[in-house]
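Before any comments, here is the structure.
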Amino acid sequence: MNTKEFSYHLPEELIAQKPLADRTQSRLLVLDKTNGSVKHKTFTDIADYLVEGDCLVLNDTRVIPARLIGVKKDTGTSIEFLLLTRKEKDVWEVILKPGRRAKTGSRFVFGGELEAEVIDVTSDGNRLVRFYYEGLFEHVLDRLGEMPLPPYITEKLTDKERYQTVYSKNEGSAAAPTAGLHFTHALLGELRSRGVKTAFITLHVGLGTFRPVKADKVEGHKMHAEYFSISEEAADTINAAKQSGKNVVAVGTTSIRTLESVAKDSRISACSGWTDIFIYPPYEFKMVDKLITNFHLPESTLLMLVSALAGRENVLNAYAQAIAEKYRFFSFGDAMLIL
């Protein structure tokens with residue numbers, strides 16, 4: 001399958017630069033995957049499409065302020081780190097700002113209270129660095145770090161919490177699971193009062209989620225790996241919904257990737273590990289029945305995943321309607337429900 005088959009033109013003015021004041025007031029495009037029909041709703045209407053016993057699966061990862069700006073210790077040259085993965089207590093894999101280099105032994109200073117030394121270079125050109133500081137690293141990072149917003153967002157985020165879901169808990173992501181940004185505690189409470197179940201899983205989103213597919217053929221793309229964890233309680237809740245014939249509704253592509261990575265015979269088990277699953281058409285889903293998601297970049301792995309669930313033509317037609325209706329796109333944009 002050609003990568004170009006997942007292309008579409010998006011006017012730049014439809015890329016949402018800021019979150020809405022009220023999370024739940026995003027628009028909601030409802031796509032029926034069986035016939036391709038589209039309805040235009042508001043996100044609070046999500047309750048009309050969930051029934052008692054359905055299970056919402058939400059990713060409770062929390063974004064760390066992974067963007068660090070500092071200087072090279074001996075020369076004063078500016079540097080920017082993007083934290084990717086924690087390898088040990090004080091050792092991280094990082095991406096350097098494009099155009100910057102750092103050999104083993106190079107040291108950097110951030111804000112006068114954090115230092116870093118390059119201890120190795122990875123096979124793909126990233127650096128392993130060891131950090132030196134006093135106190136708790138998480139506290140230092142919270143003071144010095146900035147949210148690593150996607151490259152298509154050019155405006156500064158004034159409130160860090162707006163790039164977090166209200167149920168975020170486990171720190172480790174370099175990007176938000178953006179489908180969950182539309183929920184409030186009140187809306188989740190309303191859904192629970194109607195008998196909708198919720199299950200929280202964790203997948204730490206890496207910056208590879210924004211990496212474009214450069215291969216001409218979809219099958220030639222190598223997917224990045226991300227860490228996930230599923231608790232016994234979450235597995236039991238999800239399995240109970242599936243076995244009783246109710247819908248497993250993934251909130252976001254990260255929830256889908258986690259569930260489909262571990263599903264076997266329409267069941268999942270409590271576990272943790274790394275997944276590099278790449279879902280694209282044709283794919284037979286083992287656990288997920290419905291999906292709540294945002295609108296994704298052209299030729300992205302996320303658009304391919306959504307197309308695997310709903311059909312490429314259905315999805316691209318829905319996107320065309322969303323563009324005509326001037327929906328807001330990408331991380332801070334509007335939402336889609338695939339039935």
- GluC sites (Glu not before Pro) within the range 1-100, DSSP loop, no more than 13 other Cβ atoms inside 10 Å: E52, E88
- Query: Across 10 Å bins from the origin, how do the percents of Cα pairs in the range 225-319 run, short distances first?
  - Reply: 16, 49, 29, 6
- Step through the residues of the range 178-193 one at a time and calculate ³J(HN,Hα) from phi using the Karplus curve (6.51 cos²θ - 1.76 cosθ + 1.60, θ = phi - 60°), rounding each to whole Hz and writing x for Gly and Pro. 5, 4, x, 5, 7, 8, 10, 4, 5, 5, 4, x, 5, 5, 5, 5
- When the Kirkwood radius is taken over all Cα pairs of the chain, what Stokes-Einstein diffusion coefficient follows at 10 °C and 1.306 mPa s, in µm²/s? 76
- Query: So what are the ³J(HN,Hα) numbers for the range 151-157, from phi and the Karplus equation (6.51, -1.76, 1.60; θ = phi - 60°), rounded to whole Hz, Gly and Pro as x?
  - Reply: x, 7, 9, 9, 8, 6, 8
- Ranked list, fewest to most other Cβ atoms within 10 Å of each Cβ, for V288, V166: V166, V288
- Message: Could you work out [θ]222 nm for the chain from helices alone, using -39500 (n - 2.57) per DSSP H run of at least four and dividing by all its residues? Round to the nearest 500 deg cm²/dmol.
- Response: -5500 deg cm²/dmol
- Sticking with the crude label model, points 7 Å out along Cα→Cβ, report the distance from E115 to D142 in nm, one decimal please. 2.6
- Message: Using Cβ counts within 10 Å as a stand-in for footprinting exposure, how do M147, M223 rank, fewest first?
- Response: M223, M147
- Taking T42, T165 and counting other C-beta atoms within 10 Å, the order from fewest to most: T42, T165
- Compute the projected area of the convex hull of the Cα atoms of the range 1-130, averaged over all viewing directions, and report it in nm² to one decimal place. 14.3
- Query: T42's amide H: which non-local residues (gap 5+, or another chain) put their own amide H closer than 5 Å, with H modeled 1.01 Å from N in plane and none for Pro or chain starts?
  - Reply: L28
- Note on the structure: Counting only residues 5 or more apart in sequence or on a different chain, those whose built amide H sits under 5 Å from that of K33 are L339
- Message: Taking 8 Å as the Cα distance limit and 6 or more residues as the minimum spacing, I'd like the relative contact order of the chain as a percentage.
- Response: 26
- Hull volume in cubic angstrom per residue (convex hull over the Cα atoms of the range 67-144): 85
- Would you list the P(r) distribution for the range 128-232, with all Cα-Cα distances sorted into 5 Å bins from 0 and each bin expressed as a whole %? 2, 8, 14, 18, 18, 16, 12, 7, 3, 1
- J(HN,Hα) series, the range 248-265, from Karplus relation 6.51 cos²θ - 1.76 cosθ + 1.60, nearest Hz, glycine and proline x: 8, 10, 7, 9, x, 5, 5, 5, 4, 4, 5, 5, 6, 5, 10, 5, 8, 6
- Counting other Cβ atoms within 10 Å, keep those with at most 14, restrict to DSSP loop, and tell me which GluC sites (Glu not before Pro) in the range 232-339 are left. E284, E325
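Just so you know, all these numbers are worked out from the coordinates, no wet-lab data involved. Small disclaimer: the values here were computed from a predicted structure and weren't measured. Methodologically, a virtual Cβ is constructed for each residue, glycine included, from the backbone with ideal geometry; neighbour enumeration extends over all protein chains shown.
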